[in-house]
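A short worksheet on the structure shown next.
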Amino acid sequence: MNAVDGPGYLDEPQKSGSELNCPVCAQTLHDLAKLNEHLDRIHGFGEVSNEDADSVNTQLTRSRNVVENSSKAAKANRFELKRDHWIKPVMGKSRCRTCSKSLTQARQAINCRRCGEVYCKNHCNLIIKLNSNAEYNPLTGEWCKCCINCFGNRAGYNEFGAVCNKTSMFKELRGSKVEDKQLRKLQLENRFIRLANGIQQINNQSSKSMLASIRKYTEINKLERSVVPWTPDEAAFACSLCSKPFTLALRKHHCRLCGKVVCNESQTNCSNQLPLMSLIRAASDLPISTEFVDNNAEDVQIRICSACVRILFIKRKFTRELSLPEPSILRIYENMRTTADVILSILPQVLNQAEEFSATPNAPDVALLTKMRRKLLDSFALYDRLTKQMLKIKPKNPAEERIQRAIVFRASMLIQEHMLPLRSLTNAASTQNSSHETTPESERSMNQGYGNNLSIKEVKEYRDQLMVLKEQKFLVENMIASASKQRKFDEAETLSGNLRELNEQVEMIARALGEEGFS
Amino acid sequence: MGWVKSPIHKRAHQNKRYNTATMLQFKLVLLGDSSVGKSSIVHRFVKDSFDEFRESTIGAAFLSQTIKLEKHPDVTIKFEIWDTAGQERYKSLAPMYYRNANAALIVYDVTQPGSLVKAQSWVEELKNKVGDQDLVICLAGNKVDICDEDATAREVQREDAQLYAQEQGLLFYETSAKTGAGVSAIFQEIGERVYQKKGMEVPSSTQARKPLNVELQRPSTNDSTSCCS
Ligand SMILES: Nc1nc2c(ncn2[C@@H]2O[C@H](COP(=O)(O)OP(=O)(O)O)[C@@H](O)[C@H]2O)c(=O)[nH]1
Ligand SMILES: [Mg+2]
Ligand SMILES: [Zn+2]
Ligand SMILES: [Zn+2]
Ligand SMILES: [Zn+2]
Ligand SMILES: [Zn+2]
Ligand SMILES: [Zn+2]
C-alpha cells in the first residue's frame, strides 16, 4: 500500500477517493491534514524545521526561542537592509510597475525592499521577512515592505500544489450521465408517441360506432398499460417524487409515461392530468399524426408526473422560445448599441481631424472632415430617434420598466457627454465653411431632453447633486447618533440643523426633477 | 489612551479665570482643492495628531474644538468646523456650509501651484455669494515642511501668496499639518478676528443666547481621547 512508483501516477484517477499521495515521495496519506503535516515534517516545507516534532510543546518553545534569539540579535546590531539594488525613481518619468501610475513626487514612489523595483504607495503595501541582503528569510529576517510579485514568489508560498489532471475522468463520468439522460428522453418520447397515436386511433374508431365509444375508456386504459408497465400499487408506500407516505387522503396515481406511483398534491405538483391535445402541440416536432380533427380528442387527458414533464416538455419550450423573435425593447437596444459603437469610433477621428484642420485651414482634407462629421451627426440623430422609440414602448412589467429607464438614462448621458465637444467643433468649422451645412434638426430636438422640460444636462446635474445630498444626509444622521450617544447635545443640535437644511434641499431638487428623479 | 494635550490646551489651563468667562460659538468652514491637507489641518487642531495615510473626506465632516484666546484669556471660543471634500463631485455641498459660517479657511498646497488657483476661485465665490463683511476669510499655504526639507519642492512663493492675500484683505498663514507649524496660530488669529467682529458687536446677547457657556471649562475634545469618558 505504500510507495507507488512511476512518474505518471498523478494522472491516473485514484481508486479510493479519500486517500492522497504525497507529491514528493508518493507515500499514501489519509487526508489533507495528514498530508500537510507530512510535508511539513518530512520534507521541511514548514517555516520552522523541527526533527523532533512528536511533542507540540517542544515545538512551541523552540519557535519561541527562535523569535527571541532573532530579536536579541536584531537589537545587538541594528538591522541594516541592503539598498544598492534599489532602482532610483525619476520623478515624472517612472511609473508604478503594477498600475503604471506616473510618479511625480518623491513621496509617492517606493522601492520594493526585495526586488528594488519602483512602485506607487498602494502597490508596495505587503510585507515579507528579509535578511539584510534583501533575501527572503522567514526565520531570522525582518518585516519589510514588498511588492505583490515578491510576496507571491517567495519560496514555500504556493508551492505545495501538485497538478493532477482529472479532466478525462470527469469527462467519462459526465459523458455516461449525459448518455443516460439522452436514452431516458428517447424512451419517454417513444412512449409518448405510441400513447398519443394509439389514443387518437381509439378515438377515431369510437366516433364511428356507439358500441365502441362505450368501450373507449377501457381500451385507452389497456393501451396505457401496454405502453409502460405500471408499478403495482401494493409496492408503493410513498410518492416516488416527494416521498410523502400514501394514506387514505393521499391517493396513489400512475404516471402514464414512466409508470411510477406518484401523488396528486397541488403543493408539490408531483403529477397532473394534462390535456392530450396541448401536449401534442407542445411537442410538435415528434411524429404524431394530427390528421383526425375531432372534438372528442380534446377532452382526453393523461396523467404525467412532473419529472417526465420536465424531461419531455420544458426543455422543448425553452429552445422554442429562444428561436422566437426578441421583445422589441431588446431589439431597439441592440440597434442603439451598434449606433453608439459607430459614434464612439468616429468621434475621436473627427476631433483629431478638426484639430489638424484648425492648425492648417487649407489642408485638402476638408471634404473628408465634412463627410465624417455628417456621418457622425446622422448617427447621433439615429441614436436619438431610437431612444425616443424606446420611450414609447409600454413596459410589460416593472422589471422591463426599470431596464427601459436605465437604457434611456444611459442614452441621455452618452449624448450629453459626446455632443458637447462636437458642438464647439460644428461652430468652428461652420464659421470657416459656412455655406456647406446647417445645424441639423436632430441636434435641436436632442437638447429638449426626455420627459420634462429640463435639458439633459440639467437632469444629469440635478441627479448628481441629489446623490451627493443623500450621501451627506446619511453621514450627518450618523454623526447625530454618535454625538447624542456621547452626550454632546449642543453638537447634535447643530448637526440636526444641518440635517433639516439637507432635507429641504433634497426636496427642492426632487421636485425640480419630477419624474426624472430616482425611484 | 489618555488626554492628548495640545499646546493650546495647556495654555487654556494656565489661565484659571473661568468665572468671568465668555463662551462664543463660531462656525468655520474649510475649503480648497482635494488633498491639499484640509482634513489634516483640522485633525492637527482638534486632536493634535497627523496621519500620513488619511482617507480622503466624503461629503463634509464635522468636528469641534474649544480654545481660549491668547489676547483675551477670559474668552473661550468653540469652533464648529465643517471640513468639506475638495472633489468636484461635492462642490454643490459647499454653499450650504459657507452660507452661515463665521469664518472660512481656504487651504492650498505650497507644492501645487494649481491648488492656489483653486483657492483663489473659492475666494471669488465667497466674496460674490456671502460678502466679506460677515465672513473672516483666511488663506493657508499648507505642507511647508516639504519645502523645509527640499527647497526645490516649493512652487508657490510665500511673498506672492501674501501679496494676493493682502490685496483681497484675507488673513494669511503658511502651515504644516505634519509638524503642526502655524496651525494653532491660524485658529488663534481667526478666533481673534471673529471675536472682534462678532463678540464686540453683541457681547452680552451672545452670552445670553447660549446658556451652555461657562460650564464648559474643560476644552471639549471631539473624540474618545477625552480623559473622563
Ligand atoms: N508633508 C505633508 N503632508 C501633508 C500635510 N498635510 C497633509 N498632508 C498629506 O496630504 C494628503 C492629503 O491630506 P488631506 O488632509 O486628506 O487633504 P484634504 O483632501 O484637503 O482633506 C495626505 O496624504 C496627508 O498626509 C503637511 O502639512 N505636510
Ligand atoms: Mg479631506
Ligand atoms: Zn512525502
Ligand atoms: Zn501602483
Ligand atoms: Zn519586489
Ligand atoms: Zn408526491
Ligand atoms: Zn413519469
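You will find that of A:Leu312, A:Leu286, A:Leu250, A:Leu276, the residue that is within 16 Å of ligand 6 (Cβ to nearest atom), farther than 30 Å from A:Met390 by Cβ and of a type outside the set (Gly, Ala, Ser) is A:Leu250 and no other. Restricted to the range A:285-311, and to residues there that are under 19 Å from A:Lys216 (Cβ atoms) and among the small types (Gly, Ala, Ser), the residue that is modelled with the highest pLDDT is A:Ser289.
Quick one: in the range A:76-108, which of the residues that are outside any loop (DSSP other than H, G, I, E, B) and assigned by TED's automatic domain parsing to the domain that holds A:Tyr136 is surrounded by the fewest Cβ atoms within 10 Å (Cβ to Cβ)? Quick ask: steps written out before the conclusion?
If we filter the range A:76-108 for residues that are outside any loop (DSSP other than H, G, I, E, B), which is where we start, we get A:76, A:95, A:102.
Checking which are assigned by TED's automatic domain parsing to the domain that holds A:Tyr136 leaves us with A:95, A:102.
Numbers: A:Arg95: 17, A:Ser102: 12.
For the range A:76-108, the residue satisfying everything is A:Ser102.
Out of all the residues in the range A:483-492, which are surrounded by fewer than 14 Cβ atoms within 10 Å (Cβ to Cβ) and either assigned to a helix (DSSP H, G or I) or more than 10 Å from chain B (Cβ to nearest Cβ) (or both)? Answer for the range A:483-492, where residues must be surrounded by fewer than 14 Cβ atoms within 10 Å (Cβ to Cβ) and either assigned to a helix (DSSP H, G or I) or more than 10 Å from chain B (Cβ to nearest Cβ) (or both): A:Lys485, A:Phe489. Need the failing condition index for B:Arg54 against (1) within 25 Å of A:Gln108 (Cα to Cα); (2) among the basic types (Lys, Arg); (3) buried (at least 22 other Cβ atoms within 10 Å of the Cβ), just the number. Every condition holds for B:Arg54 apart from (3). The residue list B:Ser184, B:Ser176 contains one member that is closer than 29 Å to B:Thr22 by Cα and crowded, with 17+ Cβ neighbours inside 10 Å, which is B:Ser184. Screening the candidates A:Leu344, A:Leu369 for the property of being assigned by TED's automatic domain parsing to the domain that holds A:Glu458, in contact with a helix residue (DSSP H, G or I) (Cβ under 9 Å, 6 or more places away or on another chain) and at pLDDT 85 or above yields one hit, A:Leu344.
Listed by position, the strands (runs of 3 or more DSSP E) inside the range A:109-179 whose residues that are exposed (fewer than 14 other Cβ atoms within 10 Å of the Cβ) and not assigned by TED's automatic domain parsing to the domain that holds A:Ile311 number at least 1 are A:126-130, A:142-146. In the set (1) within 14 Å of chain A (Cβ to nearest Cβ); (2) at pLDDT below 90; (3) touching a strand residue (DSSP E or B) at 6+ places or on another chain (Cβ under 8 Å), B:Ala60 fails one condition alone, (2).
Of note, B:Leu93 does not satisfy the criterion of being away from ligand 5 (no atom under 16 Å from the Cβ) and within 18 Å of the chain's Cα centre (by Cα). Of the helices (runs of 4 or more DSSP H) entirely within the range B:87-179, those holding at least 3 residues that are within 14 Å of chain A (Cβ to nearest Cβ) occupy B:94-99, B:113-129, B:144-149. Being within 20 Å of A:Val227 (Cβ to Cβ) and either part of a helix (DSSP H, G or I) or touching a Pro at 6+ places or on another chain (Cβ under 8 Å) (or both), is that true of even one residue in the range A:256-265? Within the range A:256-265 (the criterion being within 20 Å of A:Val227 (Cβ to Cβ) and either part of a helix (DSSP H, G or I) or touching a Pro at 6+ places or on another chain (Cβ under 8 Å) (or both)), the answer is yes, since at least one residue qualifies.
Within the range A:373-393, the set of residues being surrounded by fewer than 17 Cβ atoms within 10 Å (Cβ to Cβ) and either under 31 Å from the mean Cα position of the chain (by Cα) or hydrophobic (A, V, I, L, M, F, W, C) (or both) comprises A:Lys388, A:Gln389, A:Leu391, A:Lys392, A:Ile393.
For every residue, the table says whether it meets (1) within 16 Å of ligand 4 (Cβ to nearest atom); (2) under 30 Å from A:Ala26 (Cα atoms).
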{"residue": "A:Asp84", "(1), (2)": "no, no"}
{"residue": "A:Ile110", "(1), (2)": "yes, no"}
{"residue": "A:Lys121", "(1), (2)": "yes, no"}
{"residue": "A:Gly141", "(1), (2)": "no, no"}
{"residue": "A:Cys147", "(1), (2)": "yes, no"}
{"residue": "A:Gly156", "(1), (2)": "no, yes"}
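Applying the set (1) touching an Asp or Glu at 6+ places or on another chain (Cβ under 8 Å); (2) among the β-branched types (Val, Ile, Thr); (3) away from every other protein chain (no Cβ under 13 Å) to B:Val46 leaves exactly one unmet item: (3).
The values are calculated or read from the model by the stated rules, or taken from the named source; none is laboratory data. The structure presented is a predicted model; accordingly, all values stated were derived computationally and were not measured. Neighbour counts are summed over all protein chains in view; Cβ atoms, including those assigned to glycine, are modelled from backbone coordinates with ideal geometry.
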